[in-house]
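> To start, I am sharing the structure in question, which I have written as structure tokens.
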Amino acid sequence: MGKKLERVMKGDRSATSATSHDTSDVDGNKSPEPYSCTGDFEADYTELCNRAGLMEIPKVVPRPHRPGPPPPPDPKSATPMSQRESCKSARSTRMEKVEEPTSPVPSEQEEPPPTTYTTSDKFDYFKPKVQVELEKPEDKKSMTEVYIRGWKVDQKYIDIFKQCFPAADKLHTIDFWNVGLTDNTLAQFAAVASQCLNLRTVKLDGNPVPGEGFHQLIGEDSMIVSMSLRSCKITDKGAELIGKALSTAKTRNQSLCALNLNSNMITDAGACYIANGLRMNRTLLVLSIANNAIGDEAAKKFGEVLSRFSLTHEEVVERRKVLSEKGAPDVRRSPISRRAESRDRPGSQSSRSQLDKSMAKSGRASSKAKKDKKEDDKKGKGKDDKWKKEPQRGASKANSLGFTSELQTETLGKASKGKGRQSGGKKGQGAGSITEAETPDILEIINPLLEEAERVDGELLIPGNRALINLNISRNRIGEAGLKSLLKGIQYQITLTTLGSRSGGTGLMRLSVQKNSFPLNHESYLKMQELMMTRDPLYKPPSKTPDEESTSQATGS
């Protein structure tokens, strides 16, 4: 009887094991359902890491900040008289207990924590973490910034970030410092960055990549406004790719405003490529290439780009294409250049008769447009249409820099409100009526190829880049020749500004050339400092002494 029971039990066990094995095979064949991110970065990141089979998952923690100043003492807590009385009583008790030897008594109150820094565990500080910044601490879906410091972001994490980052609608800053990017992961990161609609700031400091493909982040359709590539060991190869991404004769980046290339391995050749990228770029405002190996050749190129330069054959061809679409060219010739052109100009180039005909046609068209405009003004038409078109003209620039439509509306509202006060006392004007004088002046990005050109000795010259306002080329190898070229470029920009030509920008407001291969007491350097001092927006003139003020008042009287 016992043997039969054992046989039955063994059969049941084998049957259950076989069925469980079959069910496990069926479950294993089923692929897991794809995970759809919810926008909560911490939850999405943790779930995707678990699905990827990662054993140790770096924690998502809020980014630490320096503690604020301590609150001021409450004056109501203790009055001056009570404080004095307490001090007297403490002194008296001390005098009474001097003769009696007392053992040290531990203080009842512990020492308060420090207020100027925060502390953490010994080994917890070095553990990999993903630091995030939340717009609202209580809202997990309001992540705006991501910071990763000093641990390798390999292919597994890039695959996870591919799904997490685009789902974060408010993400505008990604900072990966020394994360060991490769050519493959950098290319995939650039693809992820293009999917983040509100991403504006990217910092990849300390990530040397063999292929130096950082230009993938600042293509023609990129929306990144600020990019930092410090200590990435970028050579002339990477500088050439970045310069071509900034602008060519046919394409140009229209969103990047700040570029930091400090502490790399860029020489004269690479810096010349970057300077060529500034020829047709009118969006970049801040450029820093300090602590590289740049010499006089690159400094001369920058001086040429800042003043005026001659167009290449490819740029001339592209200029003709653009002018054929827009209308007649605006070419200004000096008498000397006309005579030289008539003698030395080859017969293969187009004659001036075609330009004269097109200019005559455009002149007749413009005069007719002016007459129609005057008639419309008399009838009271055309004003509202002009107001509607002006914001559209500046909208593309604002959108490319990351400004929202609310900011545009607020700016326009302030401009119209401020000017409406001046004309508010007139009768017969309604609250919604807007005159042409009240229309705000919205700057528009002009194609550099459409700027006024001048023919000199058979070459077509156009004004240089005046959109760049901050250039840092300190700690390089620039000598006296390069310094003089930069000085000429600054003097040319100041001359154009003095003449009232601000269509292309105001020109450089800050230029850093310290710690190069020229003495600080050099005449050109001192003159440059004198010119740039008043152009610096943060410049404050030195305050006058009482003797100088009295002297100036006496002279004025």
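> Equivalent-ellipsoid semi-axes (√(5λ), Cα gyration tensor) for the range 193-248, whole Å, largest first?
One finds semi-axes of 19, 14, 8 Å for the range 193-248.
> Could you list log10 I(q)/I(0) for the range 264-332 at q = 0.14, 0.20, 0.27 Å⁻¹, which the Debye formula gives when each Cα is one point scatterer?
The computed values of log10 I(q)/I(0) come out as -0.55, -0.90, -1.27.
> Going down the table (K203/K527; K300/K515; K244/K515; K170/K237; K127/K156; K300/K326), which pairs top 26 Å between alpha carbons?
K203/K527; K244/K515; K170/K237; K300/K326
> Based on Cα coordinates alone, diagonalise the gyration tensor for the range 116-163, multiply each eigenvalue by 5, take square roots, and list the semi-axes in whole Å, largest first.
Equivalent-ellipsoid dimensions as semi-axes: 22, 20, 8 Å.
> Viscosity 1.306 mPa s, temperature 10 °C: Stokes-Einstein D of the range 181-289 from its Kirkwood Cα radius, in µm² per second? Write down the numbers at each step before the final one.
Details: Rh = 13.6 Å.
Translational D for this selection: 117 µm²/s.
> Rg/Rh for the range 232-304 to two decimals, with Rh computed the Kirkwood way over all alpha-carbon pairs.
Numbers: Rg = 11.2 Å, Rh = 12.0 Å.
Expressed as Rg/Rh, it is 0.93.
Each reported figure results from applying straightforward, stated rules to the coordinates on display, with no laboratory input. A quick note: this is a predicted structure, and the numbers were derived from the prediction, not measured.
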